[in-house]
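**Student:** Before I ask anything, let me first share the structure, which is written out below as structure tokens.
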Amino acid sequence: MSSLRSSLGLALLAVMPACAASLVLPAVVTRDGVLAVTYRTAFPATGAGTLRVEWTDSHGRLVEDRTIPVKLTDEAEFTFPIDLRRARAMQNRLKATFTFEGVTFKKQPEKRSEEAVAEFIASPSRERWDDYEIIMWQHYPAKSFPLLKTIGISGGQYVGRNKPPAEFLLENDLSWYAENIATDFYAEYHRYRPDRRGNEPFYDAKALYKKDPSNKEAFKRHPSLSDPMWWTKIRERLVEVTKAHHPYRPFFYDLGDESGIGDLSAYWDFDFSDHALGEMRVWLKDRYATLDTLNAQWGTQFTRWDLVVPETTDEAMRRTDGNYSSWADHKEFMDTAFARALRMGRDAVQSVNPRAYVGIAGAQMPGWGGYDYWKLTQALNFFEPYNIGNNIEMIRSFAPGTPVVTTSFARGPWEKHRVWYEMLHGGRGLILWDDKFEYVDREKGTLGPRGDEVKPYYNELRNGLGGLFAQSRRLADPVAIHYSQASLRAAWMVQQQPKGAKWADRNASTERLDSDFMRLRESYCRLIEDLGLQYNFVASEQVEQGELLQRGYRVLVLPNSLALSETEAAAIRAFAAQGGTVVTESTPGVFDEHVRKLGASRLAGVPMQMVSAEILRYHQQRLLGKEEAVREAVRALLTKAGVAPKYAVTDGAGKPVTGVETHVFSNGAVEIVGLLSNPQLRVNELGPPEFKSNQRFESARELKVRLPRAMHVYDLRGGRRQAGVRELGLTLDPYEPALYAVSDQPLPKLEVLGPAQARRGEMVTVGLRSGASAAGTHVYGVAVMGPDGGLRGHYGSNVVARGGTAAVSIPFALNDAVGEWTIQVRDSLTGVTETHRVRLE
């Protein structure tokens, strides 16, 4: 099928010269309802004839082939309908052959035979990210994608600024995401450059600083995130890109890859440009209201707002009074400026498509570079992060339901584990990095070693299981972990001030490898998970808004929460006064929210449960089996606070286990319980050799799961059911999860209802029913096989069934093979598969 290329920029598509016959229809249509297509003949006439309409698509289907009687009375055009519900591909072609006999407007006899052809896009019916998607980053040749689709690949990548469509994907009926649209703005200090290293401008800034540390030119970001000319430029670009890509419904729009204020999450003193300082002064006025209030906080004597300039890191480090407010406010403003710029990008895209997913790829660890995840989750509605510093847990805590995908770089059993791990932590898919082209051998046309390895579990995730988790709500226990960007700034200054000017030698890797603040949070997370519990991060802003009491938390963990506002402290006091348990390893609230040292803790007198400072090393000690003392001490604290796992997991002898994470999802009155081994992520960064191995978690484990009462249990992966059980016994694979649906009531049997016979060209409707289900939503993986047993992917889908009932329509083509077709339906919630057969004539 020929390319649509620039025609999709038109409001109407008329393929044929103006003097010839033509078909007129929208360039882009949706797959619902009936569309009136206009046939426009060369000139008016009176008489009768026929119009033969042939509709074909990129799957090779003959969707329609019918002949319509036509009568004209001094007319040059007429309309005919096509049923867009029959569309199963983006790329479609209409051919109309008009045969006519009559008279011209001059009453001269005329016989006419003419033809018109038009191509159109039937946009995918995808408004919400309600399934699991697997996206190939590399541009394989078009001929390789049919094979890639057999292993679960559902889309590709296409640079947003390139002119769509991506032909190699379109002809395989695959969508894409629009990549790297504005990297020159959002990631200028870390982006691909063909002639030099990607972060060369960042090292240029460092060199400029080394040459003259007093010169603030090294701290001026180019372009500034506050530059109005750049805002206009990027906004206009994003609108233009979105208009071009929208017909194909991209998975998401990627504003930039590995974005940041500077180089990734590296620390630097950006931005002292005039644009940034001007916007910061407006921000400060809103925050402080008067110059006197600002001077009192900062310890300064500015006489006019236009003279206000924050301290650099060097200046802040020379202070001896513990007042780092000026420096810290600048850092907070830059986090705000980064988030505002990203929100501008999202708003620009959504001005064209209000339902579009807009985000960043290669999102970094929480910390510097603009990576305040509370602010980011208010700005964006999609993320592709590197899972560092528990940022994925922050995203799902602050913005539940936000689609998150991660990139797969590796292969082997631990990579399989990582894919399952991310899915259970809320992941909605993968982007595959395959620079060695290991998924498919492009010359032989066979699966490569990586393709063979992933095919079973990719297809398992794609064929309804991943969609089921997307439709279910991940639950957390009433445990809150304080997320405080102000405390991160305070901890950094306390740790780095004694080192003086060495701060300028730091980079993103340094910030990741030697941050006790991040390691402590990591340890708390792993410890809570080892106790069979889950948690939410609660940001300072949420604490101030009363989230602790409103959400019914029983435990608040303060991990080195050095900086607290008065409002935060008051909320924590109220939480403790109403029976909440506050857990910490150090004295919290010794700085205010601007990082000014206080005379006493803002939580002085609040009863707190102090845990051993050894908790800092918990994430390491658990690898060696030396975690028990700290684990059991914290278990006792949480148990006293009334927090215990609903589904208690022990080893075969009934003893507590470390390294097994319990995930619980709600789906109506049904809960889904997932168990997966829980090794240490990024184990190669944990210091001495003895901490760089997950060997302890590399063996199968015999486990018992105690249920809260006798329940019906369904093995999602194995399709087995157990009725009225109080305890499950299982062997947990080190790299794959055990997944169960548990319900007080038995789940009804899946029924697949449809006709036994049909004719080619007929729309067949198949009913899917699970009776009066206790589940809120079933997801049915529907696979359709032809008489030869081959899968017809364009007829299959994952069907979301609210309350267990749904229907799926199969618009058989006129050239589909006659014989017995098989419709196979798998209920992802019970693991049960049912089959229906239709004889096509």
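The values are calculated or read from the model by the stated rules, or taken from the named source; none is laboratory data. Worth saying up front: this structure is predicted, and the values here are computed from it rather than measured. Backbone-built Cβ (ideal geometry, glycine too); neighbour counts: all protein chains shown. Just so you know, the surface numbers come from the protein's heavy atoms only, side chains and all, with ligands and any DNA or RNA stripped out. Shrake-Rupley method; radii C 1.70, N 1.55, O 1.52, S 1.80 Å.
**Student:** For residues in segment 209-244 being closer than 20 Å to HIS330 by Cβ and of a type in the set (Ser, Thr, Tyr), which is most open to solvent (accessible area, probe 1.4 Å)?
**Tutor:** Checking each candidate, the answer is SER214.
**Student:** Could you list, in sequence order, the residues of segment 398-420 that are open to solvent by less than 10 Å² (accessible area, probe 1.4 Å), closer than 24 Å to SER699 by Cα and in contact (Cβ under 8 Å) with a residue 60 or more places away in the chain?
**Tutor:** HIS417, TRP420
**Student:** So for segment 392-403 (the condition being of a type in the set (D, E, K, R) and part of a helix (DSSP H, G or I)), does at least one residue qualify?
**Tutor:** For segment 392-403, residues of a type in the set (D, E, K, R) and part of a helix (DSSP H, G or I): present.
**Student:** Yes or no: LEU637 surrounded by 15 or more Cβ atoms within 10 Å (Cβ to Cβ), more than 32 Å from the chain's Cα centre (by Cα) and part of a loop (DSSP other than H, G, I, E, B)?
**Tutor:** Working: surrounded by 15 or more Cβ atoms within 10 Å (Cβ to Cβ): yes; more than 32 Å from the chain's Cα centre (by Cα): yes; part of a loop (DSSP other than H, G, I, E, B): no.
Here the answer is no, as LEU637 does not meet what is asked.
**Student:** Still on this model: Within the group ALA801, ALA738, ALA775, which residue is open to solvent by less than 50 Å² (accessible area, probe 1.4 Å), more than 30 Å from VAL660 (Cβ to Cβ) and not basic (Lys, Arg)?
**Tutor:** Working: ALA738 fails: more than 30 Å from VAL660 (Cβ to Cβ); ALA775 fails: more than 30 Å from VAL660 (Cβ to Cβ).
Answer to the selection: ALA801.
**Student:** Which one is surrounded by the most Cβ atoms within 10 Å (Cβ to Cβ) among residues in segment 155-167 that are among the charged types (D, E, K, R) and assigned to a loop (DSSP other than H, G, I, E, B)?
**Tutor:** If we filter segment 155-167 for residues that are among the charged types (D, E, K, R), which is where we start, we get 161, 163, 167.
Still in the running and assigned to a loop (DSSP other than H, G, I, E, B): 161, 163.
Values: ARG161: 16, LYS163: 14.
Residue satisfying both the conditions and the ranking: ARG161.
**Student:** To continue, here is another question. Is it the case, given these coordinates, that ALA36 is modelled with pLDDT under 85, open to solvent by 20 Å² or more (accessible area, probe 1.4 Å) and within 24 Å of THR99 (Cα to Cα)?
**Tutor:** So ALA36 fails the test.
**Student:** Follow-up. Which of (1) more than 22 Å from the chain's Cα centre (by Cα); (2) open to solvent by 10 Å² or more (accessible area, probe 1.4 Å); (3) not charged (D, E, K, R) does LEU170 not meet, given it meets every other one?
**Tutor:** Here LEU170 clears every test but (2).
**Student:** Among the listed residues ARG126, ARG86, which satisfies the condition of being closer than 27 Å to PRO250 by Cβ and modelled with pLDDT of 95 or more? Explain how you work it out, then say what you get.
**Tutor:** On the way: ARG126 fails: modelled with pLDDT of 95 or more.
Of the residues listed, the single one that is closer than 27 Å to PRO250 by Cβ and modelled with pLDDT of 95 or more is ARG86.
**Student:** Next question, about the same structure. Quick check on ALA363: is it among the hydrophobic types (A, V, I, L, M, F, W, C), more than 22 Å from GLN542 (Cβ to Cβ) and buried (at least 20 other Cβ atoms within 10 Å of the Cβ)?
**Tutor:** Numbers: among the hydrophobic types (A, V, I, L, M, F, W, C): yes; more than 22 Å from GLN542 (Cβ to Cβ): no; buried (at least 20 other Cβ atoms within 10 Å of the Cβ): yes.
Against the criterion (among the hydrophobic types (A, V, I, L, M, F, W, C), more than 22 Å from GLN542 (Cβ to Cβ) and buried (at least 20 other Cβ atoms within 10 Å of the Cβ)), ALA363 does not qualify.
**Student:** Taking the criterion of being at pLDDT 95 or above, open to solvent by less than 50 Å² (accessible area, probe 1.4 Å), within 23 Å of TYR253 (Cβ to Cβ) and of a type in the set (Ser, Thr, Tyr), would at least one residue in segment 421-437 satisfy it?
**Tutor:** no
**Student:** Give all pairs with beta carbons closer than 7 Å in which a residue from segment 789-814 that is over 24 Å from TRP55 (Cβ atoms) meets a residue that is open to solvent by 50 Å² or more (accessible area, probe 1.4 Å) and in a loop (DSSP other than H, G, I, E, B); count only pairs at least 6 apart in sequence or on separate chains.
**Tutor:** Filtered contacts from segment 789-814: VAL800/ASP130.
**Student:** With respect to GLY719, is the statement that it is within 30 Å of GLN364 (Cα to Cα) and either open to solvent by 10 Å² or more (accessible area, probe 1.4 Å) or at pLDDT 95 or above (or both) true?
**Tutor:** Criteria not met by GLY719.
**Student:** Here's another thing I want to ask about it. From the list ILE572, ILE615, pick out the single residue that is under 17 Å from ALA491 (Cβ atoms), open to solvent by less than 10 Å² (accessible area, probe 1.4 Å) and not in a strand (DSSP E or B).
**Tutor:** ILE615
**Student:** Of the numbered conditions (1) in a helix (DSSP H, G or I); (2) touching a Gly at 6+ places or on another chain (Cβ under 6 Å), GLY369 satisfies every one except a single condition; which is it?
**Tutor:** (1)
**Student:** I've got another one for you. Tell me which residues, restricted to segment 130-154, are assigned to a loop (DSSP other than H, G, I, E, B), of a type outside the set (Gly, Ala, Ser) and modelled with pLDDT of 95 or more.
**Tutor:** The answer is ASP131, TYR132, TRP137, GLN138, HIS139, TYR140, PRO141, ILE151, ILE153.
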